[in-house]
Amino acid sequence: MVKIAKLKGVIVEKSTTQESVADMIGIDRSTFYRKMKNDGNFTLKEAKDIKEALQLTNEEAIDIFFAE
């Protein structure tokens, strides 16, 4: 399960928006919003792209995308 609240916090912390992240990873904004609402149902590639777009450390990405 993805920690959506933490991901949203990181997006704000990095002074960006969900729209910008969607554009950076190459998915439609509405798809990104839907994934954020549905417990972060991101593919591994999308999670990797978000990690790179937000310049997350490996530990941060694991904490957000691979939470128990």
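The values are calculated or read from the model by the stated rules, or taken from the named source; none is laboratory data. From a predicted model like this one, the values you see are computed outputs, not experimental measurements. Methodologically, a virtual Cβ is constructed for each residue, glycine included, from the backbone with ideal geometry; neighbour enumeration extends over all protein chains shown. Calculation scope for accessible area: heavy atoms of the full protein, side chains included, ligands and nucleic acids excluded. Shrake-Rupley method; radii C 1.70, N 1.55, O 1.52, S 1.80 Å.
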Which percent of the accessible heavy-atom area of the chain goes to carbon and sulfur, probe 1.4 angstrom? 51
Largest-first ranking of Met24, Met36 by accessible area, probe 1.4 Å, whole protein assembly kept, is Met24, Met36
How big is the charge dipole of the chain about its Cα centre, in debye rounded to the nearest 20, if each Lys and Arg gets +1 on its Cβ and each Asp and Glu gets -1 on its Cβ? 200
Can you tell me the accessible area per residue over the chain, all protein chains present, probe 1.4 angstrom, in square angstrom? 65
Using only Cα positions of the chain, each an equal point scatterer, no hydration layer, compute I(q)/I(0) via Debye at q = 0.12, 0.20, 0.21 Å⁻¹ and quote the log10 values to two decimals. -0.24, -0.72, -0.80
Heavy-atom SASA rank of Lys45, Lys51, Lys14 (probe 1.4 Å, accessible area, largest first): Lys45, Lys14, Lys51
Note to self, the chain gives a 222 nm [θ] from helices alone (DSSP H runs n ≥ 4, -39500 (n - 2.57) apiece, / all residues, nearest 500) of -18500 deg cm²/dmol
Of the DSSP H helices in the chain, those whose Cα atoms cover at least 30 Å axially and whose Kyte score averages -0.5 or more: none
From highest to lowest solvent-accessible area (probe 1.4 Å; ligands, DNA and RNA excluded), Phe42, Phe32 read Phe42, Phe32
How much accessible surface does Asp39 have with a 1.4 Å probe, in Å² rounded to 10? 90
